[in-house]
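The next block holds one structure in the form of C-alpha coordinates; read it before the comments.
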Amino acid sequence: MSRSSRKDNDIREFVKITGATSREAKRYLDKHQRLDIAIDSYLTSRENLPPAPSSSQLEKVFNHYKGVYVSLPSLHIHWLRLKKKKKLFNLDRDDDDITVDGTLNLCNDLAVDPEDVVLLAVAYELQSPAVGRWKKSGWVQGWKGLGVDSLEGMKGALPRLRKKLGSDPDYFRRVYLYTFDFARSEGQRSLGIEIALDFWSLLLPHGLKGGALRPQDHSGEDDDSSILMKADGDDNGSGEGRWSEEHTQLWYDFLNERNIKGISKDTWAMFLAFLRTIDAKFETYDMEAAWPSTLDDFVEWTRERLRES
(Lines give C-alpha, C1' and ligand atoms only; values in the text may rest on other atoms or scores of the structure.)
Protein backbone atom coordinates (compact mmCIF):
# COMPACT_ATOMS: atom_id res chain seq x y z
CA MET A 1 0.00 0.00 0.00
CA SER A 2 1.38 3.41 -0.92
CA ARG A 3 2.03 6.03 1.72
CA SER A 4 -0.77 8.28 0.45
CA SER A 5 -3.26 5.39 0.45
CA ARG A 6 -2.27 4.47 4.00
CA LYS A 7 -2.77 8.08 5.10
CA ASP A 8 -6.21 8.22 3.44
CA ASN A 9 -7.17 5.03 5.29
CA ASP A 10 -5.97 6.51 8.58
CA ILE A 11 -8.04 9.63 7.99
CA ARG A 12 -11.15 7.54 7.28
CA GLU A 13 -10.56 5.43 10.38
CA PHE A 14 -9.96 8.53 12.50
CA VAL A 15 -13.22 10.08 11.31
CA LYS A 16 -15.14 6.83 11.84
CA ILE A 17 -13.95 6.42 15.43
CA THR A 18 -14.05 10.05 16.60
CA GLY A 19 -16.75 11.67 14.49
CA ALA A 20 -14.29 14.44 13.65
CA THR A 21 -14.01 16.15 10.27
CA SER A 22 -11.46 15.06 7.69
CA ARG A 23 -9.61 18.33 8.22
CA GLU A 24 -9.33 17.69 11.96
CA ALA A 25 -8.22 14.13 11.31
CA LYS A 26 -5.49 15.26 8.94
CA ARG A 27 -4.28 17.89 11.41
CA TYR A 28 -3.96 15.42 14.29
CA LEU A 29 -2.39 12.74 12.12
CA ASP A 30 0.16 15.21 10.73
CA LYS A 31 1.05 16.21 14.25
CA HIS A 32 1.29 12.76 15.86
CA GLN A 33 2.07 10.51 12.84
CA ARG A 34 0.48 7.44 14.48
CA LEU A 35 -3.27 6.75 14.29
CA ASP A 36 -3.68 5.52 17.88
CA ILE A 37 -1.80 8.48 19.38
CA ALA A 38 -3.67 10.97 17.18
CA ILE A 39 -7.06 9.55 18.20
CA ASP A 40 -6.12 9.57 21.89
CA SER A 41 -4.93 13.19 21.66
CA TYR A 42 -8.13 14.26 19.91
CA LEU A 43 -10.44 12.55 22.40
CA THR A 44 -8.49 13.99 25.33
CA SER A 45 -8.80 17.49 23.90
CA ARG A 46 -12.56 17.07 23.48
CA GLU A 47 -12.94 16.06 27.12
CA ASN A 48 -11.55 19.43 28.19
CA LEU A 49 -13.98 21.44 26.09
CA PRO A 50 -17.05 23.02 27.73
CA PRO A 51 -20.38 21.57 26.62
CA ALA A 52 -21.77 23.04 23.41
CA PRO A 53 -24.57 25.61 23.84
CA SER A 54 -27.99 24.01 23.86
CA SER A 55 -30.48 24.96 21.14
CA SER A 56 -33.39 23.87 23.33
CA GLN A 57 -32.17 26.03 26.20
CA LEU A 58 -31.82 29.04 23.89
CA GLU A 59 -35.32 28.45 22.55
CA LYS A 60 -36.59 28.37 26.13
CA VAL A 61 -35.00 31.76 26.83
CA PHE A 62 -36.36 33.09 23.53
CA ASN A 63 -39.88 31.96 24.35
CA HIS A 64 -39.67 33.72 27.70
CA TYR A 65 -39.34 37.10 25.94
CA LYS A 66 -41.47 36.66 22.82
CA GLY A 67 -45.03 37.96 22.67
CA VAL A 68 -44.84 39.70 26.04
CA TYR A 69 -46.01 43.12 27.19
CA VAL A 70 -43.56 45.11 29.26
CA SER A 71 -44.68 45.36 32.86
CA LEU A 72 -41.95 47.66 34.09
CA PRO A 73 -43.19 51.27 34.16
CA SER A 74 -39.76 52.86 33.80
CA LEU A 75 -38.94 50.81 30.71
CA HIS A 76 -42.34 51.46 29.18
CA ILE A 77 -41.80 55.21 29.57
CA HIS A 78 -38.35 54.79 27.99
CA TRP A 79 -39.89 52.93 25.03
CA LEU A 80 -42.53 55.62 24.52
CA ARG A 81 -39.80 58.24 24.45
CA LEU A 82 -37.87 56.29 21.83
CA LYS A 83 -40.98 55.73 19.74
CA LYS A 84 -41.86 59.42 19.74
CA LYS A 85 -38.31 60.49 18.99
CA LYS A 86 -37.30 58.00 16.33
CA LYS A 87 -40.43 56.27 15.05
CA LEU A 88 -38.24 53.21 14.63
CA PHE A 89 -40.41 50.38 15.78
CA ASN A 90 -43.12 48.36 14.12
CA LEU A 91 -45.91 48.02 16.67
CA ASP A 92 -47.60 45.04 15.03
CA ARG A 93 -47.71 42.11 17.44
CA ASP A 94 -45.92 39.01 16.19
CA ASP A 95 -46.10 36.04 18.51
CA ASP A 96 -43.29 34.31 16.62
CA ASP A 97 -40.71 37.02 17.37
CA ILE A 98 -39.32 38.90 20.32
CA THR A 99 -40.53 42.45 19.76
CA VAL A 100 -40.12 45.77 21.55
CA ASP A 101 -41.65 44.87 24.89
CA GLY A 102 -39.69 41.63 25.10
CA THR A 103 -36.54 43.50 24.11
CA LEU A 104 -37.00 45.97 26.95
CA ASN A 105 -37.54 43.15 29.42
CA LEU A 106 -34.43 41.43 28.08
CA CYS A 107 -32.38 44.62 28.50
CA ASN A 108 -33.60 44.91 32.07
CA ASP A 109 -32.61 41.30 32.83
CA LEU A 110 -29.20 41.77 31.19
CA ALA A 111 -28.69 45.02 33.15
CA VAL A 112 -27.92 46.89 29.93
CA ASP A 113 -29.29 50.23 28.75
CA PRO A 114 -31.50 49.81 25.64
CA GLU A 115 -29.36 52.47 23.95
CA ASP A 116 -26.00 50.86 24.82
CA VAL A 117 -23.82 50.51 21.70
CA VAL A 118 -23.11 46.87 22.58
CA LEU A 119 -26.65 45.98 21.53
CA LEU A 120 -25.70 46.83 17.95
CA ALA A 121 -23.05 44.12 18.15
CA VAL A 122 -25.61 41.73 19.64
CA ALA A 123 -28.08 42.60 16.87
CA TYR A 124 -25.39 41.93 14.27
CA GLU A 125 -24.43 38.58 15.80
CA LEU A 126 -28.09 37.50 16.04
CA GLN A 127 -28.99 39.05 12.66
CA SER A 128 -31.88 41.02 14.09
CA PRO A 129 -33.93 42.27 11.12
CA ALA A 130 -34.90 45.57 12.75
CA VAL A 131 -34.66 47.55 15.96
CA GLY A 132 -36.58 45.79 18.71
CA ARG A 133 -37.16 42.56 16.77
CA TRP A 134 -35.46 39.17 17.08
CA LYS A 135 -36.12 36.04 15.02
CA LYS A 136 -35.81 32.63 16.68
CA SER A 137 -33.40 31.24 14.07
CA GLY A 138 -31.02 34.19 14.38
CA TRP A 139 -31.34 34.16 18.16
CA VAL A 140 -30.40 30.48 18.47
CA GLN A 141 -27.59 30.46 15.91
CA GLY A 142 -26.21 33.80 17.07
CA TRP A 143 -25.95 32.96 20.75
CA LYS A 144 -24.58 29.50 19.91
CA GLY A 145 -21.92 31.19 17.83
CA LEU A 146 -21.02 33.27 20.87
CA GLY A 147 -20.82 30.10 22.97
CA VAL A 148 -23.64 30.83 25.41
CA ASP A 149 -27.13 29.49 26.08
CA SER A 150 -28.22 31.16 29.33
CA LEU A 151 -29.01 34.63 30.59
CA GLU A 152 -25.84 34.64 32.68
CA GLY A 153 -23.81 33.62 29.66
CA MET A 154 -25.38 36.43 27.66
CA LYS A 155 -24.43 38.91 30.37
CA GLY A 156 -20.87 37.63 30.20
CA ALA A 157 -20.76 38.02 26.42
CA LEU A 158 -21.64 41.71 26.49
CA PRO A 159 -18.27 43.03 27.77
CA ARG A 160 -16.43 40.91 25.19
CA LEU A 161 -18.61 42.23 22.37
CA ARG A 162 -18.31 45.81 23.61
CA LYS A 163 -14.51 45.56 23.64
CA LYS A 164 -14.35 43.89 20.24
CA LEU A 165 -16.63 46.50 18.68
CA GLY A 166 -14.47 49.31 20.03
CA SER A 167 -11.06 47.86 19.19
CA ASP A 168 -11.38 45.59 16.15
CA PRO A 169 -11.49 47.70 12.93
CA ASP A 170 -12.91 44.94 10.72
CA TYR A 171 -15.57 43.96 13.24
CA PHE A 172 -16.53 47.61 13.70
CA ARG A 173 -16.89 47.94 9.92
CA ARG A 174 -19.17 44.92 9.69
CA VAL A 175 -21.41 46.11 12.53
CA TYR A 176 -21.41 49.67 11.15
CA LEU A 177 -22.50 48.57 7.66
CA TYR A 178 -25.13 46.23 9.11
CA THR A 179 -26.57 49.09 11.17
CA PHE A 180 -27.90 50.94 8.12
CA ASP A 181 -30.47 48.29 7.18
CA PHE A 182 -31.10 47.47 10.84
CA ALA A 183 -32.02 51.09 11.64
CA ARG A 184 -33.81 51.96 8.42
CA SER A 185 -37.58 52.31 8.62
CA GLU A 186 -39.57 49.78 6.62
CA GLY A 187 -40.16 50.94 3.04
CA GLN A 188 -37.52 53.70 3.20
CA ARG A 189 -34.38 53.75 1.05
CA SER A 190 -32.45 56.15 3.27
CA LEU A 191 -32.01 56.82 6.97
CA GLY A 192 -33.82 59.82 8.39
CA ILE A 193 -31.25 62.31 9.61
CA GLU A 194 -32.30 62.08 13.27
CA ILE A 195 -31.93 58.31 13.20
CA ALA A 196 -28.55 58.52 11.42
CA LEU A 197 -27.29 61.01 14.00
CA ASP A 198 -28.50 58.81 16.85
CA PHE A 199 -26.61 55.79 15.57
CA TRP A 200 -23.48 57.75 14.67
CA SER A 201 -23.57 59.14 18.21
CA LEU A 202 -23.44 55.56 19.49
CA LEU A 203 -20.86 54.16 17.10
CA LEU A 204 -18.32 56.90 16.40
CA PRO A 205 -17.29 57.79 19.98
CA HIS A 206 -16.96 54.08 20.79
CA GLY A 207 -14.78 53.41 17.75
CA LEU A 208 -12.61 56.46 18.39
CA LYS A 209 -12.10 55.60 22.05
CA GLY A 210 -11.25 51.95 21.47
CA GLY A 211 -9.15 52.40 18.36
CA ALA A 212 -11.42 50.72 15.81
CA LEU A 213 -11.47 53.97 13.81
CA ARG A 214 -7.72 54.39 13.72
CA PRO A 215 -6.27 54.99 10.24
CA GLN A 216 -6.17 51.83 8.17
CA ASP A 217 -3.30 50.54 6.06
CA HIS A 218 -4.83 49.85 2.66
CA SER A 219 -1.59 48.98 0.88
CA GLY A 220 -2.22 46.26 -1.63
CA GLU A 221 -5.99 46.40 -1.15
CA ASP A 222 -8.36 47.29 -3.95
CA ASP A 223 -11.14 48.73 -1.81
CA ASP A 224 -13.08 51.98 -2.10
CA SER A 225 -10.99 53.93 0.37
CA SER A 226 -7.63 53.00 -1.19
CA ILE A 227 -8.90 53.93 -4.65
CA LEU A 228 -10.51 57.20 -3.62
CA MET A 229 -7.94 58.46 -1.17
CA LYS A 230 -4.19 58.43 -0.83
CA ALA A 231 -3.90 60.05 2.57
CA ASP A 232 -0.54 61.06 3.89
CA GLY A 233 0.38 62.45 7.29
CA ASP A 234 0.58 60.35 10.43
CA ASP A 235 1.37 56.71 9.61
CA ASN A 236 2.37 55.44 13.03
CA GLY A 237 -1.07 54.15 13.93
CA SER A 238 -1.58 56.66 16.74
CA GLY A 239 -4.36 58.43 14.90
CA GLU A 240 -2.84 61.88 15.54
CA GLY A 241 -3.58 64.33 12.77
CA ARG A 242 -6.63 62.34 11.71
CA TRP A 243 -10.31 62.19 12.52
CA SER A 244 -11.25 63.31 16.02
CA GLU A 245 -14.30 64.15 18.11
CA GLU A 246 -14.01 67.71 16.84
CA HIS A 247 -14.38 66.48 13.28
CA THR A 248 -17.44 64.47 14.29
CA GLN A 249 -19.03 67.62 15.68
CA LEU A 250 -18.20 69.47 12.45
CA TRP A 251 -19.99 66.71 10.53
CA TYR A 252 -23.07 67.06 12.72
CA ASP A 253 -23.00 70.87 12.39
CA PHE A 254 -22.73 70.61 8.60
CA LEU A 255 -25.68 68.23 8.34
CA ASN A 256 -27.83 70.47 10.50
CA GLU A 257 -26.80 73.71 8.79
CA ARG A 258 -27.46 72.28 5.32
CA ASN A 259 -30.77 70.86 6.51
CA ILE A 260 -29.92 67.37 5.24
CA LYS A 261 -33.05 65.23 5.55
CA GLY A 262 -31.68 61.74 4.98
CA ILE A 263 -28.55 59.66 4.52
CA SER A 264 -28.27 57.24 1.62
CA LYS A 265 -26.73 53.79 1.99
CA ASP A 266 -23.79 54.87 -0.16
CA THR A 267 -23.10 57.93 1.98
CA TRP A 268 -23.42 55.89 5.18
CA ALA A 269 -20.91 53.31 3.93
CA MET A 270 -18.41 55.71 2.36
CA PHE A 271 -18.42 58.00 5.38
CA LEU A 272 -16.63 55.26 7.32
CA ALA A 273 -13.92 54.95 4.63
CA PHE A 274 -13.69 58.74 4.55
CA LEU A 275 -13.08 59.30 8.25
CA ARG A 276 -10.54 56.46 8.38
CA THR A 277 -8.38 57.99 5.65
CA ILE A 278 -8.82 61.75 5.73
CA ASP A 279 -6.14 63.97 7.27
CA ALA A 280 -6.99 66.51 9.96
CA LYS A 281 -7.07 69.49 7.58
CA PHE A 282 -8.78 67.66 4.73
CA GLU A 283 -5.87 68.50 2.43
CA THR A 284 -5.61 65.04 0.84
CA TYR A 285 -9.25 64.78 -0.21
CA ASP A 286 -9.64 64.24 -3.96
CA MET A 287 -12.65 66.22 -5.20
CA GLU A 288 -12.45 64.41 -8.55
CA ALA A 289 -12.83 60.95 -7.03
CA ALA A 290 -16.14 59.13 -6.72
CA TRP A 291 -17.06 60.20 -3.21
CA PRO A 292 -20.75 60.93 -2.50
CA SER A 293 -21.66 64.56 -3.18
CA THR A 294 -22.56 65.04 0.49
CA LEU A 295 -18.95 64.37 1.43
CA ASP A 296 -17.69 66.71 -1.31
CA ASP A 297 -19.87 69.47 0.14
CA PHE A 298 -18.75 68.67 3.68
CA VAL A 299 -15.08 68.93 2.74
CA GLU A 300 -15.59 72.34 1.09
CA TRP A 301 -17.65 73.52 4.06
CA THR A 302 -15.02 72.34 6.56
CA ARG A 303 -12.04 73.73 4.65
CA GLU A 304 -13.69 77.13 4.66
CA ARG A 305 -14.16 77.01 8.42
CA LEU A 306 -10.62 75.80 9.00
CA ARG A 307 -9.30 78.73 6.95
CA GLU A 308 -11.42 81.13 8.99
CA SER A 309 -10.06 79.74 12.23
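The values are calculated or read from the model by the stated rules, or taken from the named source; none is laboratory data. Treat the numbers as computed from the prediction; the structure is a model and nothing was measured. Here the Cβ positions follow ideal geometry from the backbone for every residue, glycine too, while neighbour counts run over all protein chains shown. Remember, those area values only see protein heavy atoms, side chains included, never the ligands or the DNA or RNA. Shrake-Rupley method; radii C 1.70, N 1.55, O 1.52, S 1.80 Å.
To keep it simple, each residue is scored yes or no on (1) in contact with a strand residue (DSSP E or B) (Cβ under 9 Å, 6 or more places away or on another chain); (2) over 22 Å from residue 214 (Cα atoms); (3) touching a residue at least 12 places away in the same chain (Cβ under 8 Å).
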{"residue": "251", "(1), (2), (3)": "no, no, yes"}
{"residue": "261", "(1), (2), (3)": "yes, yes, yes"}
{"residue": "266", "(1), (2), (3)": "no, no, yes"}
{"residue": "273", "(1), (2), (3)": "no, no, yes"}
{"residue": "280", "(1), (2), (3)": "no, no, yes"}
{"residue": "283", "(1), (2), (3)": "no, no, no"}
{"residue": "297", "(1), (2), (3)": "no, yes, yes"}
{"residue": "307", "(1), (2), (3)": "no, yes, no"}
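Yes or no: residue 75 in contact with a helix residue (DSSP H, G or I) (Cβ under 6 Å, 6 or more places away or on another chain), at pLDDT below 70 and assigned to a helix (DSSP H, G or I)?
Considered against the rule, which asks whether it is in contact with a helix residue (DSSP H, G or I) (Cβ under 6 Å, 6 or more places away or on another chain), at pLDDT below 70 and assigned to a helix (DSSP H, G or I), residue 75 comes out as yes.
Which residue is modelled with the lowest pLDDT, if the candidates are limited to region 288-309 and must be of a type in the set (A, V, I, L, M, F, W, C) and open to solvent by 30 Å² or more (accessible area, probe 1.4 Å)?
306
Confirm whether residue 6 is basic (Lys, Arg), open to solvent by 70 Å² or more (accessible area, probe 1.4 Å), assigned to a helix (DSSP H, G or I) and under 30 Å from residue 136 (Cβ atoms).
no
Just for helices (runs of 4 or more DSSP H) wholly inside region 101-178: which have at least 1 residues that are surrounded by fewer than 16 Cβ atoms within 10 Å (Cβ to Cβ) and of a type outside the set (Val, Ile, Thr)?
Passing ranges, in order: 136-145, 151-167.
Residue pairs, Cβ under 7 Å, 6 or more apart or interchain, first in region 35-57 and under 18 Å from residue 19 (Cβ atoms), second open to solvent by 40 Å² or more (accessible area, probe 1.4 Å) and not charged (D, E, K, R). List them.
So the pair list comes out as 38/32; 39/17; 41/32.
Output the residues belonging to region 180-193 that are of a type outside the set (Gly, Ala, Ser) and surrounded by 14 or more Cβ atoms within 10 Å (Cβ to Cβ).
180, 182, 184, 191, 193
Of all residues in region 243-287, which are at positive phi, hydrophobic (A, V, I, L, M, F, W, C) and open to solvent by 20 Å² or more (accessible area, probe 1.4 Å)?
Residues satisfying the conditions do not exist here.
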